[in-house]
Amino acid sequence: MKRLYAIVLAVLLSAFVLPAHASLKIFATVPEWGALAQEIGGEQVKVYTATNGLQDPHRIDAKPSLIAQARSAQLVVATGAELEIGWLPVVIRESGNARIQPGQPGFFEAARYVTMLDIPAVLDRAHGDVHAGGNPHIQTDPRNLLKVGEALSARMAEIDPANAAAYQSGYKVFADKLRSAIARWEKEAAPLRGVPILVQHRAFPYLQNWLGLKEIGSLEPKPGVEASSAYLAEILAQQAVQPAKMVIRPAYQYDTPSLWISERAKIPAVTLPFTIGGTPEAKDLFSLYEDTIRRLLKGWQG
């Protein structure tokens, strides 16, 4: 009986702590967190990313393939702040995986580690697709990756203590490289400070906060609500009084409203990658921001 008890105990412990030779299996909801986990973990991790750069992360089907991947994961890395509310809870529940349930070490939400913007004063769905915890698109400011990465490396070390030193080292190398890149990007993007813009979707408050862009209007009357032709006409009329230099949209969104305004207001319509894979040039976390700034500067120059 003692031997049987020891075997059962060992099996239970192995469900939460990985042996030294194993890869930490990570289920990332969106490309930026999959890439960040890979930067930190290197050869010690096996990362599955549930979505790609041309998918709307709000609206994903909880397919059996996602459930199957979650079933074997030791760690789920999500944005949180209700970004994945329409599909991730179903995936986690149906996976039957006790390690990744909310409240367990295997469930990580990036939004908990940054200062959230656009927190609604009143939570009312009549105001559109609002998020109680604030705007979830935190990845558009690379400075947030430093905060998230530090917390994520600690969580990875907690789950896989045998490789804790590797995760700490991986984060340090990444963070040093990112800090250097941020300083360079901010210098390159200096002409964008104060530039008035229109947005097709309110997906960029963190980008705007970082680079000093000035949002003067949205092509959505309410977040997530498609604009009528009458509303777009109002936005166009506003150009005579308060002109924008460009209209920007995330790559996963259709471009009809932006092109409508662009053609009539004679301003560039700028598609931003938003995440890795949103454009052919945005291949990793560093080229994501490089391509974003390049496209914004091109739009600013007309």
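So in region 259-284, with the set limited to residues that are in contact with a Leu (Cβ under 7 Å, 6 or more places away or on another chain) and of a type in the set (A, V, I, L, M), which one is most open to solvent (accessible area, probe 1.4 Å)?
So the residue we want is Ala269.
I need a count of the residues in region 291-300 that are touching a helix residue (DSSP H, G or I) at 6+ places or on another chain (Cβ under 8 Å) and surrounded by fewer than 18 Cβ atoms within 10 Å (Cβ to Cβ).
Looking only at that region, the number is 2.
So that you can scan it fast, the table gives a plain yes or no per residue for (1) at positive phi; (2) assigned to a loop (DSSP other than H, G, I, E, B); (3) open to solvent by less than 20 Å² (accessible area, probe 1.4 Å):
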site	(1), (2), (3)
Gln208	no, no, no
Tyr231	no, no, no
Pro243	no, yes, no
Gln253	no, yes, no
Pro257	no, no, yes
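Which residue, of Gly128, Gly103, Gly96, is modelled with pLDDT under 90 and more than 25 Å from Leu285 (Cα to Cα)?
Just one listed residue meets the conditions, Gly128.
Cβ contacts < 9 Å: first residue touching a residue at least 40 places away in the same chain (Cβ under 8 Å), restricted to region 77-100; second residue of a type in the set (Phe, Trp, Tyr) and in a helix (DSSP H, G or I), any location; separation 6+ or different chain. Result?
Val77/Trp33; Ala78/Trp33; Thr79/Trp33
Does region 172-186 contain at least one residue that is closer than 30 Å to Ala227 by Cα and either of a type outside the set (Asp, Glu) or open to solvent by 20 Å² or more (accessible area, probe 1.4 Å) (or both)?
no
Would you tally the residues in region 60-118 being open to solvent by less than 20 Å² (accessible area, probe 1.4 Å), in a helix (DSSP H, G or I) and of a type outside the set (A, V, I, L, M)?
Of the residues in that region, 1 qualify.
Looking only at region 35-59, count every residue that is of a type in the set (Gly, Ala, Ser), touching a Leu at 6+ places or on another chain (Cβ under 7 Å) and either open to solvent by 10 Å² or more (accessible area, probe 1.4 Å) or farther than 22 Å from Arg99 by Cα (or both) and tell me the total.
Total satisfying the criteria: 2.
Has region 155-166 got at least one residue that is outside any helix (DSSP H, G or I), in the same structural domain as Glu109 (by TED's automatic domain parsing) and more than 24 Å from Thr292 (Cα to Cα)?
Yes; the residues of region 155-166 include at least one that is outside any helix (DSSP H, G or I), in the same structural domain as Glu109 (by TED's automatic domain parsing) and more than 24 Å from Thr292 (Cα to Cα).
Out of all the residues in region 188-206, which are open to solvent by 10 Å² or more (accessible area, probe 1.4 Å), within 19 Å of Pro142 (Cα to Cα) and outside any loop (DSSP other than H, G, I, E, B)?
Glu188, Ala190, Pro191, Pro205, listed by residue number.
Whether any residue in region 219-229 is in a helix (DSSP H, G or I), open to solvent by 20 Å² or more (accessible area, probe 1.4 Å) and at pLDDT below 95 is what I want to check.
For region 219-229, residues in a helix (DSSP H, G or I), open to solvent by 20 Å² or more (accessible area, probe 1.4 Å) and at pLDDT below 95: present.
The values are calculated or read from the model by the stated rules, or taken from the named source; none is laboratory data. All figures in this text were calculated on a predicted structure; none of them were measured in a lab. All Cβ positions, glycine included, derive from the backbone under ideal geometry; neighbour counts span all protein chains shown. Surface areas here come from the heavy atoms of the whole protein model, side chains and all, with no ligands, DNA or RNA. Shrake-Rupley method; radii C 1.70, N 1.55, O 1.52, S 1.80 Å.
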